[in-house]
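Read through the structure below, which is laid out as structure tokens, and then see the notes.
We did not get these values from a lab; they are worked out from the coordinates using the rules stated. Fair warning: this is a prediction, and the values are worked out from it, not measured in the lab. Cβ placement follows ideal geometry from the backbone for every residue including glycine, while neighbour counts extend to all protein chains displayed.
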Amino acid sequence: MKNYIITGLSFVVVALLVGGEPIQRTMNEALYRGSLRGAEECVSYSSGRLLSPEAVRTSCVSKFEKQLFGSDYATGRAGPRLDKQIVAWGGELENKSADHVTTSIRVTVIIFDKDGKETEFSGGTSIWIDPMSHSDFRVKLSGLEREMLEDINFCEDEVENPTQCMRWSISEVKGLSI
């Protein structure tokens, strides 16, 4: 019993010497990983004058976000966005969940050539979609060239062996629980 009291008091002394912030960070990360509360706490103890509030928020969200499974967190319509030499994929996504914020997505685009050979492109971006809300997005797809999209349409859903068409999907969604 005496050893427990000495160990506990030693811990308190070390905490006072080091400061409470490292302990607060560790506890926050252990208790609130994947939650909005964890990201909010992170923002509160990470604020400073060197980083912009947006940079602090982005850092904290990426530290606490977790992978979400299911289609309710990011569903919508999108297509190619051609801007000078940059080929991107963009549109609008909806978060149909009532208890999660969508914080980042990964988009995958597959192009099928005339022989049915598929070429895959993907890219990710940060996004903020409140529960039961929607947001515009745009993802750069490196390697996808403007010429690849000429005279090509979206694939029919029922076609088993698609040719000369493209498909897209949200291949990864991350977010925070409320």
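Determine the gain in length on full extension of the stretch Asp157-Ser47; use 0.36 nm per residue of separation and subtract their C-alpha separation, reporting nm with one decimal.
34.8 nm
What is the sum of charges, Lys and Arg at +1 and Asp and Glu at -1, for the other residues whose Cβ falls under 13 Å from the Cβ of Pro80?
With Lys, Arg at +1 and Asp, Glu at -1, the net is +1.
Towards the positive end of the charge dipole of the chain, with charges on Cβ (+1 Lys, Arg; -1 Asp, Glu), say which of Gly124, Thr7, Gly70 has the farthest Cα.
Among Gly124, Thr7, Gly70, the one farthest towards the positive end of the dipole of the chain is Thr7.
If each residue of separation counts as 0.36 nm, what is the full-extension length gain between Thr125 and Arg146 once their alpha-carbon separation is subtracted?
Net length gain for the segment: 5.5 nm.
At a 10 Å Cβ-Cβ cut-off, how would you order Tyr73, Tyr45, Tyr32, fewest neighbours first?
Tyr45, Tyr32, Tyr73
Points 7 angstrom from Cα along the Cβ direction at Lys2 and Gln67: gap in nanometres?
Simple spin-label model gives 5.2 nm for this pair.
What is the distance in Å between the Cα centres of the range 58-107 and the range 122-178?
One Cα centre to the other: 9 Å.
Using the per-residue mean of other Cβ atoms lying within 10 Å as a proxy for protection, in what order, highest first, do the peptides 126-134, 152-160 fall?
Packing order, densest peptide first, comes out as 126-134, 152-160.
Loop by DSSP (not H, G, I, E, B), at most 11 other beta-carbon atoms within 10 Å: where is the longest site-free stretch of the chain for trypsin sites (Lys or Arg not before Pro)?
Segment 118-178 is the longest.
Charges at C-beta only: +1 for Lys and Arg, -1 for Asp and Glu. How large is the resulting dipole of the range 36-178 about its Cα centre, in Debye rounded to 20?
Value, rounded to 20: 780 debye.
Using the Cα gyration tensor of the chain, with a ≥ b ≥ c the square roots of its eigenvalues, what is the shape: rounded (a/c below 1.5), prolate (a/b larger than b/c) or oblate (neither)?
Cα axes put the chain in the prolate bin.
In deg cm²/dmol, rounded to 500, what helix-only [θ] at 222 nm does the chain give when every DSSP H run of at least 4 residues adds -39500 (n - 2.57) and the total is split over its residues?
One gets -9500 deg cm²/dmol as the mean residue ellipticity at 222 nm.
For the range 39-178: lysine pairs with Cα atoms under 23 Å, gap of 8 or more or different chains, count?
Lysine pair count for the range 39-178: 9.
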